[in-house]
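The values are calculated or read from the model by the stated rules, or taken from the named source; none is laboratory data. From a predicted model like this one, the values you see are computed outputs, not experimental measurements. Here the Cβ positions follow ideal geometry from the backbone for every residue, glycine too, while neighbour counts run over all protein chains shown. In case anyone asks, the SASA skips ligands and DNA or RNA and just uses the protein heavy atoms, side chains included. Shrake-Rupley method; radii C 1.70, N 1.55, O 1.52, S 1.80 Å.
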Amino acid sequence: MPSKKRRRKEERPKIHPKNKYSDNPPDFALLASLYPTFKPFVFYTREGRPRIDWTDFNATRELTRVLLLHDHNLHWWIPDGQLCPTVPNRSNYIHWIEDLLSSHIIPRDNSNEDNVRGFDIGTGANCIYPLLGASLFGWSFVASDMTDVAIEWAERNVKNNPNISELIEIRKVKCSQNTLSSEGLSVESSYSEEREGLPSSSLDMPAGEDKSYNGPSILVDVVRDGETFDFCMCNPPFFESFEEAGLNPRTSCGGTYEEMVCPGGEKAFITRIIEDSVVLKQSFRWYTSMVGRKVNLKFLVSKLRQVGVTVVKTTEFVQGKTCRWGLAWSFVPPATKIVTPHVTEKNILSFMLEGIQRQFGAIHVLRSVESFFLAGGASCKLNASSFVVDITASADHCNALLNNDVKHIDEVASCSNVQEAPSNLCFRILVFQQIPGTLLVKGSLQHRDSALSGLFSSIVQQLEASLRQKFCKEKTGTNYI
């Protein structure tokens, strides 16, 4: 039993590999030496390790300020009591959005791939997602919020960064008469890490009674007629009450009632986003949201299946002891490619795996893809975080794959260093979660001018047959898209 627990812990998802802090976490000692205003908040353990007091709002705010300045050249501040985001955690979400957009599973109407436009639901005074998205990738944003304080400080944070200020529009949401007021409530209550540090026992709490969201508009009546976006993103109010928000006394990152609480919590709030998406449909390529409780994720995925979305994707964000989930969906038909044995000029080929047995998921299929090509002697580089396998195969490897002349896995370790060369076939296989029981597998040819490119479609067909035989309940009726 102990060994199983250790193995499960090792396989836990980590920080996004493209995140600036994945290999280099913030160095508190260095930051303290460079920024005198941060130095008073840093202390050292007996072992000499620099630390800050996570229960001190001023410390967490100053850390966020210096990280944004030091690593992103962003000038930033928020007043007391407003939600203070942790930069590494929010960067994870931004990089996942970039993964969704670069996957090309949902096509763009606009051929200008560089002009990405996002919508941040409830941007808050911190305006962290638009600031990061604009500075990292040059994306433009509409950032919405309902409170005067949030609007005022979001605009200040945008204006204080003139190099990206033209990319970000702050949009006020009109409050209805039914909107709950936070008057009389203290907004300085400590609670979980960055509104994202729920007590670990709460992640699988019962969903409780269903409650409908009755707050201000989220997307409908905020998105203007004729507007289109590549994505929306949201860090929803996770909690149903202000008392629930303060369950974890170990951290303090501020947060107002409006930022943290709504009747029905995140379940009701994200359900309203789903309902709005049914109305707006293809106005967005991707609708996304952060989810704080796994039990709510399962409910929301089920809800998406009911409304007839074309694609559903989920991911898990891990930052320290904090675990969150990302949920994405679309109403845009996925990009399709017709594959036949006679069509060899295509450099992107896709097929669906339907009826996958319940015990298998995308990671199992991804590892099986790697095993399939390793067994043929090809070189493979697997990225479990992005669900990608990069393959390099020589002519001999291609022939082995097409003729089922495979080796045992323990015999092919020496084949993992095949060098890229013009004569080799280089391609990428990506695995996308659609809905439970359905996966999309996409092959992308990296060097179309290779002499072996004509074998690409045949190899993809061979891979599809192997995966269907291993994972699908129905082994017949192969359909390529």
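Things to note:
- Relative packing of peptides 328-335, 262-269, 167-174, 300-307 - highest average C-beta neighbours within 10 Å first: 262-269, 328-335, 167-174, 300-307
- Among LYS470, LYS298, the order of accessible area from largest down is LYS298, LYS470, computed with a 1.4 Å probe on protein heavy atoms.
- Counting only protein heavy atoms and using a 1.4 Å probe, the accessible area of GLU370 comes to about 50 Å².
- Annotation: extensible slack from GLU166 through ASN383 equals 74.6 nm (criterion: 0.36 nm per residue apart, minus Cα-Cα distance).
- Efficiency of FRET between ALA465 and ASN115 - r from beta-carbon atoms, R0 45 angstrom, step 0.05: 0.70
- Per-residue accessible area (protein heavy atoms, 1.4 Å probe) orders TYR35, TYR129 as TYR35, TYR129, starting from the largest.
- Proximal charge balance of VAL173 [Cβ under 9 Å; K/R count +1, D/E count -1]: +1
- Counting protein heavy atoms only, region 13-86 has 52 percent of its accessible area on carbon and sulfur, 1.4 angstrom probe.
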